[in-house]
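Shown next, in structure tokens, is the structure this report addresses.
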Amino acid sequence: MSRSLYECCHAKVNEKCIYCEKGHKLPISSIEPLKRGAPLVYQVCQKCRDFSRMGRPLMASLRGWS
């Protein structure tokens, strides 16, 4: 299963951008993909040794987007 930014405890969002609190460079910084419910699965996260899963992924029916 691919790692998503939604699952990582180190992914942070403020009113203007998405960022990694560990300092890893993400391919996006805009919150627009987050607002659209985009998957946010990025290569940098797949082998990241700082990745910290915050829990099991939610079922599609429980997510805040369709």
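Kindly indicate whether TYR6 is free of Cβ contacts under 8 Å to residues at least 12 places away in the same chain, on the phi < 0 side of the Ramachandran plot and aromatic (Phe, Trp, Tyr). Against the criterion (free of Cβ contacts under 8 Å to residues at least 12 places away in the same chain, on the phi < 0 side of the Ramachandran plot and aromatic (Phe, Trp, Tyr)), TYR6 does not qualify. Considering segment 34-53, the residues that are within 10 Å of SER2 (Cα to Cα) and either polar (S, T, N, Q) or outside any loop (DSSP other than H, G, I, E, B) (or both) include one that is nearest to the chain's Cα centre (by Cα), namely CYS45.
Residue pairs whose Cβ atoms lie under 8 Å apart, separated by 6 or more positions or on different chains, with the first residue in segment 39-66 and basic (Lys, Arg) and modelled with pLDDT of 75 or more and the second surrounded by 10 or more Cβ atoms within 10 Å (Cβ to Cβ) and not in a helix (DSSP H, G or I), are ARG53/ARG3; ARG53/CYS8; ARG53/CYS9.
Number of residues in segment 20-33 that are outside any loop (DSSP other than H, G, I, E, B) and either at pLDDT below 95 or over 12 Å from the mean Cα position of the chain (by Cα) (or both) equals 3. Residues in segment 9-37 that are surrounded by 14 or more Cβ atoms within 10 Å (Cβ to Cβ), within 19 Å of GLY55 (Cα to Cα) and out of contact with any strand residue (DSSP E or B) (no Cβ under 7 Å at 6 or more places or on another chain): LYS22 only.
The values are calculated or read from the model by the stated rules, or taken from the named source; none is laboratory data. In this text, all values refer to a predicted model and were calculated from it rather than measured experimentally. Neighbour counts run over all protein chains shown; Cβ positions are idealised from the backbone, glycine included.
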